[in-house]
Amino acid sequence: MKTARRYLTQAQKIAESYGIKRLAMKISNEHDELLKKTKMWEKLKVSELSLSERWELSGLNEQMEIMVKKRMIEVPEISKEDPVMLLILTEGGNLLFSKKFMEDFSFEEDILGGFLTTINYIINEVFSEGLDRAIFGQYTLLMMPFQPFLVCYIFKGQSYFAYQKIKNFLESIQNESHIYKSLQSFLQKSKTIQENNISSLESLITDIFVKAKD
């Protein structure tokens, strides 16, 4: 499972780098579906299903038909995600900044506690395994590192447009040197960034994650 997820992550990055949007969307959708079916595949490890039954569950017949006939890749129907929260973390897993997108939303205590408990494990997977997303209850966590930080975007729904937003967010931070320097300054002081501390960061988040949703 982890190897498959790593290859899907790498494949989407390659497709994105060459501007093959249709393929990137298909890969992202396949990655989401794989995560949703994680428990099913884990159960298959100890099941007695035949190879033909496993082959059918994996959808390989369709994939092979596309390859052999060189059919055009059908773009899956992908909808925009529902933003929940944006986090900027340090490599050590300490919270530097958080932005909640739903005013009436609050993590249930058990979900938030579980997330914070496993955050170091999740970060380790991102940095060591090259993975970029995980399912946590009903939420998807999409993660991208930019040294020495890690951005974590929590949302409900599909990942493709969420991926575009977080990539745009990191590129914008790198282009806006004063934002990056401000983040480093708060990191060095071991201080948490409040919403009004960096006004340009707030504006950037609004433009990318809020206005883009409309």
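The values are calculated or read from the model by the stated rules, or taken from the named source; none is laboratory data. Please read all numbers here as calculations on a predicted model, not as lab measurements. Cβ atoms come from the backbone with ideal geometry, glycine included; neighbour counts cover every protein chain shown.
Scanning the range 158-195 for residues that are in contact with an Asp or Glu (Cβ under 7 Å, 6 or more places away or on another chain) and either more than 28 Å from ASP32 (Cα to Cα) or at pLDDT below 90 (or both) turns up just one, GLU195. Against the condition surrounded by 15 or more Cβ atoms within 10 Å (Cβ to Cβ), on the phi > 0 side of the Ramachandran plot and over 9 Å from the mean Cα position of the chain (by Cα), how does GLY157 come out, does it pass? In short, yes.
Residues that are under 12 Å from LEU95 (Cα atoms) and loosely packed, with under 14 Cβ neighbours inside 10 Å within the range 176-194 comprise SER190, LYS191, THR192, GLN194, listed in sequence order. Of everything listed in (1) in contact (Cβ under 8 Å) with a residue 40 or more places away in the chain; (2) within 9 Å of the chain's Cα centre (by Cα), the single unmet condition for LEU142 is (1). Taking the conditions (1) at pLDDT below 90; (2) within 15 Å of the chain's Cα centre (by Cα) in turn, GLY114 satisfies each one other than (2).
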